[in-house]
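*Asks:* Below you'll find the structure I mean.
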Amino acid sequence: MIEWRRAKYGLRRAWLCALVFALLSVPAVVSAADDPSATSFIKTSGTHFTLDGRPFFVTGVNNHYLTYGSQDEVTRVLDDAVAMGANVVRTFLQPVIGSLDGSKPTIWDWRLEGEASNLAVKGTYLLHWDPSQNRMAINDGANGMQKVDFLIAEAGKRRLRLIIAVLDFWAYTGGAQQMRAWYGSQDESTFFFDDPRTKRDYRAWVRHLVQRVNPLTGLAYRDDPTIMAWELMNEGNAQPEALRLAWTGEMSAYVKSLDSNHLVSSGHANILDPKLADLTIPTLDFGTWHGYPLYNKLTVQQFNDMIPEFCQLAARAKKPVLLEEFGHARSNQNVAAAYAMWLDTLTRDRNCAGWMVWRLVSRQDSGRYPVDEYDQFDIRNDGSAIWNILKAATARAAQPRETRRASETIREVP
């Protein structure tokens, strides 16, 4: 996630080389992104997502700057997602600032110069404090919600689905931390989820979103099947856990009361929750988890072993569970083999609903790819071994399960 940091470790060479070769040898197939059912909503059935009654296995990407990058930067990401064979793109609704006149401070550097990938938002903001009304306000202008309109319209043209987190927990571009700061709170873990004013603001934001009519499509957001799901918040780390679950239950029920078309999830990382408590909330349609071996103090193999454990939780709850963030540093010698192993495990397990890699980036308006020397999780359309493994994995996942199982049997013959 947007605590951008993660990853390392080692695997057995000979076996993994064979695995990588097998994945790269998968023949090209028509991507799920080309599915003609663009006017149907994604639903669930047991541990699977479905589209028009057929299984819809998520092979997706995350990108954090789609709501404030330039139009060219946005379309480059979407085009690269299609080139990879992805069928879902996940992003967060941001930025959130203080007041434009500075009377309510902005707690992050929203005037930062540079590239969108490095949090230079270039004057974009969705939510702000209006001192004249003494309350939250929503920016529906060209440097606000019109950017979200554009993203949804362009994704729809490409038959891509979107998972949209209504808010980010982290303060990188404001998020929930900026909203609690409007009320003078320093409490990062409890205040936003408990104070009646921030809860009121959140509900107002949700209501505005689902009812907004996109002038580029003519559809209200709640009626647009391009949106696969709403997430309540990216990694909403409320404390204590009972508060998080209570807030999640309340707000997911509120979203459902306004929008019966779309799936809803919490967007929580959940990797430290061995029971995935979110799955017990009836107004959540699927579970999520985020995993990065280095930051979770796991080896590549240990992380791989966790995948079927989470998918087994899906089977018990009879709801899909999605690995919606994961990454491994590009500098690791075993990075391609690690991705190959994880994607193979996810695709083979009948109870797994899919995966979304962190994070796909494309060329910025400068003409350069973003440079991330810290986490090094960036996935690029650069012909690298990582890119080719992701392409092979999306192609394999797009095959009918029977065809997939047959090819697996052939590869397993000694």
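The values are calculated or read from the model by the stated rules, or taken from the named source; none is laboratory data. Computed from a prediction, not measured in an experiment: that's the story for all the values here. Glycine gets a Cβ as well: all are built from the backbone with ideal geometry, and neighbour counts include every protein chain shown.
*Asks:* Might you let me know whether segment 213-232 holds any residue that is in contact (Cβ under 8 Å) with a residue 12 or more places away in the chain, under 26 Å from Asn296 (Cβ atoms) and assigned to a loop (DSSP other than H, G, I, E, B)?
*Replies:* yes
*Asks:* If the requirement is being without any contact (Cβ under 8 Å) to a residue 40 or more places away in the chain, under 26 Å from Thr39 (Cα atoms) and assigned to a helix (DSSP H, G or I), which of these qualifies: Ser260, Ser252?
*Replies:* That would be Ser252, the only listed residue that is without any contact (Cβ under 8 Å) to a residue 40 or more places away in the chain, under 26 Å from Thr39 (Cα atoms) and assigned to a helix (DSSP H, G or I).
*Asks:* Condition check: surrounded by fewer than 19 Cβ atoms within 10 Å (Cβ to Cβ), touching an Asp or Glu at 6+ places or on another chain (Cβ under 8 Å) and in a helix (DSSP H, G or I). Does Arg159 satisfy that?
*Replies:* Against the criterion (surrounded by fewer than 19 Cβ atoms within 10 Å (Cβ to Cβ), touching an Asp or Glu at 6+ places or on another chain (Cβ under 8 Å) and in a helix (DSSP H, G or I)), Arg159 does not qualify.
*Asks:* Oh, and also: Just give me the residues in segment 165-194 being aromatic (Phe, Trp, Tyr) and not in a loop (DSSP other than H, G, I, E, B), in sequence order.
*Replies:* Answer for segment 165-194, where residues must be aromatic (Phe, Trp, Tyr) and not in a loop (DSSP other than H, G, I, E, B): Phe191, Phe192, Phe193.
*Asks:* Write out, first by first residue and then by second, each pair whose Cβ atoms fall under 8 Å of each other, whose residues are 6+ apart or on separate chains, and whose first residue, in segment 354-377, is closer than 16 Å to Ala338 by Cβ while the second is modelled with pLDDT under 95 and among the polar types (S, T, N, Q).
*Replies:* From segment 354-377, the pairs are Gln376/Ser331.
*Asks:* Return the residues of segment 162-200 that are acidic (Asp, Glu) and surrounded by fewer than 22 Cβ atoms within 10 Å (Cβ to Cβ); say none if nothing qualifies.
*Replies:* If the condition is that a residue be acidic (Asp, Glu) and surrounded by fewer than 22 Cβ atoms within 10 Å (Cβ to Cβ), then Asp187, Glu188, Asp194, Asp195 are the ones that fit.
*Asks:* Please go through segment 377-398 and pick out each residue that is among the basic types (Lys, Arg) and either crowded, with 19+ Cβ neighbours inside 10 Å or under 25 Å from Leu51 (Cβ atoms) (or both). Let's see the steps before the verdict.
*Replies:* Our first condition is that a residue be among the basic types (Lys, Arg); within segment 377-398, this holds for 380, 391, 396.
Listed by number, the residues that qualify are Lys391, Arg396.
*Asks:* Could you check how many residues of segment 110-152 are touching a helix residue (DSSP H, G or I) at 6+ places or on another chain (Cβ under 7 Å) and over 24 Å from Ile227 (Cα atoms)?
*Replies:* 1
*Asks:* Which numbered condition in (1) of a type in the set (D, E, K, R); (2) in a loop (DSSP other than H, G, I, E, B); (3) under 20 Å from the mean Cα position of the chain (by Cα) is the only one that Arg90 fails?
*Replies:* (2)
*Asks:* Looking at segment 353-398, which of the residues that are among the hydrophobic types (A, V, I, L, M, F, W, C) and assigned to a loop (DSSP other than H, G, I, E, B) is nearest to the chain's Cα centre (by Cα)? Step through it out loud before you land on a result.
*Replies:* First, the residues of segment 353-398 that are among the hydrophobic types (A, V, I, L, M, F, W, C): 353, 355-358, 360-361, 371, 377, 379, 385-387, 389-390, 392-393, 395, 397-398.
Cutting the leftovers down to assigned to a loop (DSSP other than H, G, I, E, B) gives us 353, 358, 361, 371, 377.
Values: Ala353: 14, Trp358: 8, Val361: 13, Val371: 21, Phe377: 14 Å.
Checking each candidate, the answer is Trp358.
*Asks:* In addition: Which of the following residues is surrounded by fewer than 19 Cβ atoms within 10 Å (Cβ to Cβ), at pLDDT 95 or above and either under 30 Å from Pro308 (Cβ atoms) or among the hydrophobic types (A, V, I, L, M, F, W, C) (or both): Asp349, Asp365?
*Replies:* Numbers: Asp365 fails: either under 30 Å from Pro308 (Cβ atoms) or among the hydrophobic types (A, V, I, L, M, F, W, C) (or both).
One residue alone meets the criteria, Asp349.
*Asks:* May I ask you to list the residues in segment 44-90 that are among the charged types (D, E, K, R) and crowded, with 18+ Cβ neighbours inside 10 Å?
*Replies:* Result: Glu73, Arg76, Asp80, Arg90.
*Asks:* Return the only residue of Ile227, Ile271 being in contact with a His (Cβ under 8 Å, 6 or more places away or on another chain) and over 22 Å from Gln94 (Cβ atoms).
*Replies:* Ile271
*Asks:* If I go through segment 304-333 residue by residue, how many of them are more than 16 Å from Asn351 (Cα to Cα) and under 19 Å from the mean Cα position of the chain (by Cα)?
*Replies:* Number of matching residues: 5.
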